[in-house]
Every structure is written in C-alpha cells, then in structure tokens.
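Accompanying notes for the structure given below.
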C-alpha cells in the first residue's frame, strides 16, 4: 500500500513538472516560443517610440500584438511584445512581453548584453503590473500613436 501511494505521488509530481516545462518552453535565443514570429504581427505604434529618460524600457521601442483589440480589450491569448533598442547599441537589448491568459495579463521582461547573447529574465509579475496599472483604460497596454 505504501509503495502504491509513493508511486501515485511520484506520477503526480512528474505530471505537474511536464505541464510547467511545456508552459515555459523557450526558443534558442531564450525568449518564450509563443513570441516566435512577432516581427510579422501588426505593429501597435505608428512609428518607433523614443524615450531618452531614465526608467523602464529606455531607448527606441516598437510594440507588436499577436491579435487586434476586440472593442476596448485584447482577447484572451493575445501576446504583446515590446522591443527596446537600448541607448548606445544597435540591437534589441530588452524584450518585454505581455500575455493575456484567462482575462489577466502576465508580464515578463528579458535582457541581453550583446546582439548574439541569449535573453535572460530581467523582471516579471507584480513589478511590471504595478506600472501597467497606469494604462488600465487601454487594457493595461501602453501605446503612443
């Protein structure tokens, strides 16, 4: 009986692990696979956005959305990508992602140190959400047309 319970518990743990790994699948450059092909998605901004002040996402930015708004909100499954060419570089050094799951946005931001380096996580979750609350009237998405 004890062996059977241990086996059931082990299967449950392994199953949960597989789910987590599948949800966090990354591409070769370290970004989540659900961002693949973002360059072909509709661009949210009309022209590149330039910010030269200190703060989050400083540099030249472009914003892409995998789906268009349905009314005033983006539908579930939408992925919004913001590319940031950081000052004094010519490559995307920061890459911010919003993904709408069950009506709520999930945030994660990546950075890399060179054009050939893999992206690593810079920030995520509540840190990002605490700023995006300022764009609540636009479904938490900052845009500049």
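The values are calculated or read from the model by the stated rules, or taken from the named source; none is laboratory data. Computed from a prediction, not measured in an experiment: that's the story for all the values here. Every residue, glycine among them, receives a Cβ derived from its backbone with ideal geometry; neighbour counts consider all protein chains shown.
As a summary of the residue check, residue 126 satisfies the conditions (1) more than 21 Å from residue 49 (Cα to Cα); (2) surrounded by 13 or more Cβ atoms within 10 Å (Cβ to Cβ) except for the one numbered (2). Listed by position, the strands (runs of 3 or more DSSP E) inside the stretch 80-145 whose residues that are within 14 Å of residue 30 (Cβ to Cβ) and touching a helix residue (DSSP H, G or I) at 6+ places or on another chain (Cβ under 8 Å) number at least 1 are 92-101, 104-111.
If I filter the stretch 26-77 down to residues being on the phi > 0 side of the Ramachandran plot and touching a strand residue (DSSP E or B) at 6+ places or on another chain (Cβ under 9 Å), which single residue comes out as modelled with the lowest pLDDT? Checked the stretch 26-77; the qualifying residue modelled with the lowest pLDDT is 57.
Scanning the stretch 54-79 for residues that are part of a loop (DSSP other than H, G, I, E, B), under 17 Å from the mean Cα position of the chain (by Cα) and surrounded by 13 or more Cβ atoms within 10 Å (Cβ to Cβ) yields 56, 57, 58, 66, 67, 74, 75, 76, 78.
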